[in-house]
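Some notes on the structure that comes next.
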Amino acid sequence: MLGLKLPTDPRWVNLAEKSLEEILTDHAFCEQKAASACISIVQQYPDYEAIVDAVSPVVTEEWGHFRMVVKELKRRHLKLGRQRADRYVNELLRFQKKGGSRDTQLLEKLLMAALIEARSCERFRLLSIGLEDEHLRSFYHEFMVSEAGHYRMFLDLAHQYIDADTVKKRWHEWLAYEAALMERLTPDGKLMH
């Protein structure tokens, strides 16, 4: 369904379970960054009514997710740590085309957002079926469903504003690049080379 070319290393769930404070902290900041990215898209494309209508509620939802993750940290007597560099997103940003028309830039933003949501959905699914803790399995199932909807929304918006052939071609380029990136990332998110 998501079109990802390479699945997450299955060892990742085991690492996540051993470092819940770190995983929940990273998750919280990913939700915050998603809200910020949506705000940025609305600010840059206020004249694209469908984008404003679709993306604005996601800002509220993502910020609500941030609060949910912080609440889960507190429930477990864990602390929200410092935000770490996100190698995955930083490497995706390197692939994003610079310059070009306004619509080219819109396509890049929408496809990158869709890809991040797809990978998040895939990882939340792994957590929802692979964690020992029943509460956390349910917790991550809820996030998985949400991310799937966001993934679909960003792709649908790309198709609404950009011709289908251009979207399809660039989406396949993004998927191939992301698969190569996933091969270079260790299960704990470090770049191998």
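The values are calculated or read from the model by the stated rules, or taken from the named source; none is laboratory data. Everything quoted here is computed from the prediction, not taken from an experiment. Ideal geometry is used to build each Cβ from the backbone, glycine not excepted, and the neighbour counts take in all protein chains shown.
Can you confirm whether GLN43 is out of contact with any Lys or Arg (no Cβ under 9 Å at 6 or more places or on another chain), over 19 Å from ALA118 (Cα atoms), in a helix (DSSP H, G or I) and not acidic (Asp, Glu)? Step through it out loud before you land on a result.
Working: out of contact with any Lys or Arg (no Cβ under 9 Å at 6 or more places or on another chain): yes; over 19 Å from ALA118 (Cα atoms): yes; in a helix (DSSP H, G or I): yes; not acidic (Asp, Glu): yes.
When the stated conditions are applied, GLN43 passes them.
Could you please tell me which pairs satisfy a Cβ distance under 7 Å, a separation of 6+ or placement on different chains, a first residue in the range 77-89 that is among the polar types (S, T, N, Q), and a second residue that is surrounded by 14 or more Cβ atoms within 10 Å (Cβ to Cβ) and assigned to a helix (DSSP H, G or I)?
If the second residue must be surrounded by 14 or more Cβ atoms within 10 Å (Cβ to Cβ) and assigned to a helix (DSSP H, G or I), the pairs left are GLN83/PHE29.
Cβ-Cβ below 7 Å, separation at least six or inter-chain, first residue in the range 9-21 and aliphatic (A, V, I, L, M) and surrounded by 15 or more Cβ atoms within 10 Å (Cβ to Cβ), second assigned to a helix (DSSP H, G or I) and at pLDDT 90 or above: which pairs?
Listed pairs, sorted by first residue: VAL13/LEU126; VAL13/LEU127; VAL13/GLY130; ALA16/ILE23; ALA16/LEU127.
Restricting to the range 59-112, what's the tally of residues that are over 16 Å from HIS27 (Cα atoms) and outside any helix (DSSP H, G or I)?
So the answer is 7.
Being closer than 24 Å to ILE51 by Cβ and either more than 15 Å from the chain's Cα centre (by Cα) or in contact (Cβ under 8 Å) with a residue 40 or more places away in the chain (or both) is the filter here, so list the residues in the range 118-153 that pass it.
Residues satisfying the conditions are ALA118, ARG119, SER120, CYS121, PHE143, SER146, ALA148, HIS150, TYR151, MET153.
Considering the range 133-163 alone, what residues qualify as being farther than 26 Å from ASN14 by Cα, part of a loop (DSSP other than H, G, I, E, B) and among the acidic types (Asp, Glu)?
Residue satisfying the conditions is ASP163 alone.
Look at the range 22-41 and say how many of its residues are hydrophobic (A, V, I, L, M, F, W, C) and under 10 Å from the mean Cα position of the chain (by Cα). Walk me through how you get there before you give the answer.
Kept after step one, since they are hydrophobic (A, V, I, L, M, F, W, C), are these residues of the range 22-41: 23-24, 28-30, 34-35, 37-39, 41.
If we keep only those that are under 10 Å from the mean Cα position of the chain (by Cα) as well, we get 30, 34.
Number satisfying all stated conditions: 2.
Based on what the data block shows, is GLU61 under 18 Å from TYR151 (Cα atoms), surrounded by 15 or more Cβ atoms within 10 Å (Cβ to Cβ), in contact with a Lys or Arg (Cβ under 6 Å, 6 or more places away or on another chain) and not aliphatic (A, V, I, L, M)?
Numbers: under 18 Å from TYR151 (Cα atoms): yes; surrounded by 15 or more Cβ atoms within 10 Å (Cβ to Cβ): yes; in contact with a Lys or Arg (Cβ under 6 Å, 6 or more places away or on another chain): no; not aliphatic (A, V, I, L, M): yes.
Here the answer is no, as GLU61 does not meet what is asked.
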